[in-house]
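Visitor: The following block contains the structure, expressed as structure tokens.
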Amino acid sequence: MTRKIALVTGAGSGIGRASATALMDAGWTVVLAGRRAAELEATAAHAPDAALAVPTDIADEGEVEALFARIESRFGRLDLLFNNAGTGAGGRLEDLGLDAWRRVVDVNLTGAFLCTRAAFRLMKAQAPQGGRIVNNGSISAHAPRPFSVAYTATKHAITGLTRSTSLEGRAYDIACGQIDIGNAATEMTAAMARGVPQADGSFAPEPLMDLKAVADAVLFMAGLPLDANVQFMTVMATKMPFIGRG
């Protein structure tokens, strides 16, 4: 069988790396996008014959267009886009600078849109037509953490992007779903085990879950036939403060 082609953004670490390697192990060829070339190559080393590292700033329209031109030239199609790349900006709302706000919006929302738009065009034109887009929404697409206004705003917006892409993709067999992840154990979440601000003003440690649970969930969504879709999935540490977060 011809290997299916996936693109994972933010593939140099954390959820992106875990999901990319799970896809490789399942028989996919995976294009790895992110800003850090060395980290992408480290991910690709998991299965060099099944990976292509393409350093890309997804907030840059020209770089995204070049990324997708390379995918089309090399493989002729794209079966899966995992919009995973993201960033945050901590601090109180009243102290957040405009440049910090714009950077979060550029990466988390505009970057996801640029990749979605390019993937949509390719999936619509390729034969056979269609493909799947999975957006990393985060628990913050539902409920905010303290001092996370930019991140929370963009993750709520990702839900709108997911719904609109899902609706417009129907005519072309393009399925779009969202995975909302809470407290997966990565370098970015290591501080949670030591303690983070809570909604009631306290400071407390939070439980984490094994990153494999996230990779397995992404793999499940990716493996569905195009006539089935997980519209929204929440994968979270069972005891984290989300239900009744405050």
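Laboratory data are not the source of any read-out in this text; all were calculated from the coordinates shown. Values in this document were obtained by computation on a predicted structure and should not be read as measured data. Because the Cβ atoms are built from the backbone with ideal geometry, glycine has one as well, and the counts that use them run over all protein chains shown.
Visitor: Multiply the residue gap between Y172 and A199 by 0.36 nm, knock off their C-alpha separation, and tell me the result in nm, one decimal place.
Guide: Working it through step by step, the gained length comes to 5.4 nm.
Visitor: May I ask for the net charge around N136, where only other residues with Cβ less than 11 Å from the Cβ of N136 are counted and Lys, Arg are +1 while Asp, Glu are -1?
Guide: Neighbour charge sum, excluding N136 itself: 0.
Visitor: Calculate, for D210 and A153, the FRET efficiency according to 1/(1 + (r/R0)^6) with r their C-beta to C-beta distance and R0 35 Å; round to the nearest 0.05.
Guide: Computed FRET efficiency for D210 and A153: 0.75.
Visitor: If you don't mind, there's one more thing I want to ask. For a Förster distance of 22 Å, can you work out the FRET efficiency between the beta-carbons of A38 and E187, rounded to the nearest 0.05?
Guide: Step by step, r from the Cβ atoms, then E = 0.90.
Visitor: With a sphere of radius 11 Å drawn around the Cβ of I5, what net charge do the other residues whose Cβ falls strictly inside it have (Lys, Arg +1; Asp, Glu -1)?
Guide: That sum, taken over residues with Cβ under 11 Å, equals +2.
Visitor: In whole percent, what relative contact order does segment 37-169 give with Cα contacts below 8 Å and a gap of six or more residues?
Guide: 26 percent
Visitor: Put a dot 7 Å past each Cα toward the Cβ at A143 and A47; how far apart are the dots in nm?
Guide: For A47 paired with A143, the spin-label model returns 3.6 nm.
Visitor: Let me ask something else. What nm distance separates the two modelled labels at Q129 and A100, each placed 7 Å from Cα along Cα→Cβ?
Guide: 4.6 nm
Visitor: Can you give the translational diffusion coefficient of segment 101-212 in µm²/s, computed by Stokes-Einstein from the Kirkwood radius over Cα pairs at 20 °C and 1.002 mPa s?
Guide: Estimated via Stokes-Einstein, D reaches 137 µm²/s.
Visitor: Among A153, L52, A11, which residue has its Cα furthest toward the positive end of the charge dipole of segment 5-236, with +1 on Lys/Arg Cβ and -1 on Asp/Glu Cβ?
Guide: Result: A153, furthest along the dipole toward the positive end.
Visitor: Compute the signed sum of charges (Lys and Arg +1, Asp and Glu -1) over the other residues within less than 13 Å, Cβ to Cβ, of Q178.
Guide: Here the charged neighbours net out to +2.
Visitor: Let me ask something additional. Which whole-number percent is the relative contact order of segment 5-236 (Cα, under 8 Å, 6+ apart)?
Guide: So the answer I get is 18 percent.
Visitor: Separate question: Assuming R0 = 30 Å, can you tell me the calculated FRET efficiency for the pair L219 and L93, based on Cβ-Cβ distance, to the nearest 0.05?
Guide: So the FRET efficiency works out to roughly 0.20.
Visitor: Going from the alpha-carbon gyration tensor of the chain, what semi-axes, largest first and in whole Å, does one get by taking the root of 5 times each eigenvalue?
Guide: Values for the chain, descending: 29, 19, 18 Å.
Visitor: For E65 and T2, calculate 0.36 nm times their separation in residues minus their Cα-Cα distance, and state this gained length in nm to one decimal.
Guide: Between E65 and T2, full extension yields 20.2 nm more.
Visitor: Quick check: residue separation of R74 and T238 times 0.36 nm, minus the Cα distance between them. What number comes out in nm?
Guide: Taking 0.36 nm per residue and subtracting the Cα distance, the gain is 54.9 nm.
Visitor: Report, as a whole number in µm² per second, the diffusion coefficient that Stokes-Einstein gives for segment 188-236 at 10 °C and 1.306 mPa s using the Kirkwood radius over alpha carbon pairs.
Guide: Translational D for this selection: 120 µm²/s.
Visitor: Follow-up. When the Karplus curve 6.51 cos²θ - 1.76 cosθ + 1.60 is applied with θ = phi - 60°, which whole-Hz ³J(HN,Hα) does each residue of segment 132-139 get, with x for Gly and Pro?
Guide: Going residue by residue, I get 10, 10, 10, 9, 7, x, 5, 4 Hz, with x marking Gly and Pro.
Visitor: Would you please report the Å³ per residue occupied by the convex hull of the alpha carbon atoms in segment 1-61?
Guide: Output value, Cα hull per residue: 68 Å³.
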